[in-house]
Structures are given as C-alpha cells and as structure tokens.
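Asker: Sharing a structure below in structure tokens format, with a few things to ask.
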Amino acid sequence: MSALISPGALCRLDAAAVRRIGNGEGLPGVALSATLAIVLGAGAYGVAFGVWRAPSQALFSAVKLPVLLLGVAACTTLLSAMAALLLRSRLSLAQTAVAILVSLAVTATVLGAASPVSILFALALPP
C-alpha cells in the first residue's frame, strides 16, 4: 500500500503530493488520506453543527456531513473526468477522483479545525 499523506500536506498541496497525483503514482494512499481527512474533519464539524440542538443531532450530523461530502465526490467524478478528457488534460478517472477527494479534504480539514470553537460557542449559548 502506498504511503499516507498528512492532512497538513494535503492542505498545503505539497509538491510531492501533487506530483503523485499528476503521475498517477500511489493514488490509493492519497485517496485513503483524503477520505480519512474528510471523515474526521467533516465529522468533527458535524458534531459542532448538531450539538446546539441535542446530542443525538450531533451524532446524526457527524455521520451526515462526511457522507454528504463523499457523495458529492462520487457524483461529480464521472462528469469531471469527461471534462478532463474534453479539455485534453490527460488525467485519468482515478486521478480525477483523487483530485476531487483532495479538494474536499482541504475543506473538511478547515471545517474540522474550526469545530472546537464552534462547539464552545454552541455550548455557551443560552438554550
């Protein structure tokens, strides 16, 4: 299995990570790293988003938000791969899917980083 990439490296779009995607090398490791970042970051923000309502809502939101982002990635991959083919970018379906996952992983990582402040804010508000 290919080496995983840290969420920080994904967010910085390190040259080595971009090179791996561009060359099509180690795509499963990059995809797994991005998926883990989506699940953890979006899950943490889902908790922050739902905790203001009820603990059960926090749990539901912690599941729904990562599923939503992964669903968006799944639904847009084929269309993006066709656009890449039409634009002659020489990206394969796998490279396109990983690029979409990485972009959503950056979003989820930023949301996850904002979740502690959001949780504190939600818990400090009066009912």
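Asker: Looking only at the range 45-76, which residues are crowded, with 17+ Cβ neighbours inside 10 Å and either in contact (Cβ under 8 Å) with a residue 60 or more places away in the chain or touching a Ser or Thr at 6+ places or on another chain (Cβ under 6 Å) (or both)?
Answerer: TYR45, GLY46, VAL47, ALA48, PHE49, GLY50, VAL51, listed by residue number.
Asker: Going through the range 100-127 one residue at a time, which ones are of a type outside the set (A, V, I, L, M, F, W, C) and in contact with a helix residue (DSSP H, G or I) (Cβ under 6 Å, 6 or more places away or on another chain)?
Answerer: THR109, GLY112, SER115, SER118
Asker: Say whether the condition of being in a helix (DSSP H, G or I) and closer than 19 Å to ILE100 by Cβ is met by at least one residue in the range 46-64.
Answerer: no
Asker: Mind telling me which of the residues ALA34, ALA16, ALA3 ends up being in a helix (DSSP H, G or I) and in contact (Cβ under 8 Å) with a residue 24 or more places away in the chain?
Answerer: ALA34
Asker: Still on this structure, I have one more. Does the range 66-103 hold any residues that are of a type outside the set (A, V, I, L, M) and closer than 23 Å to ARG12 by Cβ, and which are they?
Answerer: Those that are of a type outside the set (A, V, I, L, M) and closer than 23 Å to ARG12 by Cβ: PRO66, SER80, SER89, GLN95, THR96, SER103.
Asker: I want to confirm something. Restricting to the range 118-127 and keeping residues that are in contact (Cβ under 8 Å) with a residue 60 or more places away in the chain and open to solvent by 80 Å² or more (accessible area, probe 1.4 Å), which single residue is nearest to SER61 (Cα to Cα)?
Answerer: Here the answer is LEU123.
Asker: Cβ-Cβ distance below 6 Å, separation of 6 or more or different chains: which pairs start in the range 82-97 with a residue that is over 19 Å from LEU32 (Cβ atoms) and acidic (Asp, Glu) and end on one that is open to solvent by 100 Å² or more (accessible area, probe 1.4 Å) and part of a loop (DSSP other than H, G, I, E, B)?
Answerer: Here the result reads none, with nothing in the range 82-97 linked to a residue that is open to solvent by 100 Å² or more (accessible area, probe 1.4 Å) and part of a loop (DSSP other than H, G, I, E, B).
Asker: Let me ask you something else. Within the range 98-109, identify whether any single residue is outside any helix (DSSP H, G or I) and either surrounded by fewer than 21 Cβ atoms within 10 Å (Cβ to Cβ) or small (Gly, Ala, Ser) (or both), and answer yes or no.
Answerer: No, that holds for no residue.
The values are calculated or read from the model by the stated rules, or taken from the named source; none is laboratory data. Computed from a predicted model, the values in this text were never measured in an experiment. No Cβ is skipped: glycine too gets one built from the backbone with ideal geometry, and neighbour counts run over all protein chains shown. Note: accessible area is taken over every heavy atom of the protein model, side chains too, but ligands, DNA and RNA are not part of it. Shrake-Rupley method; radii C 1.70, N 1.55, O 1.52, S 1.80 Å.
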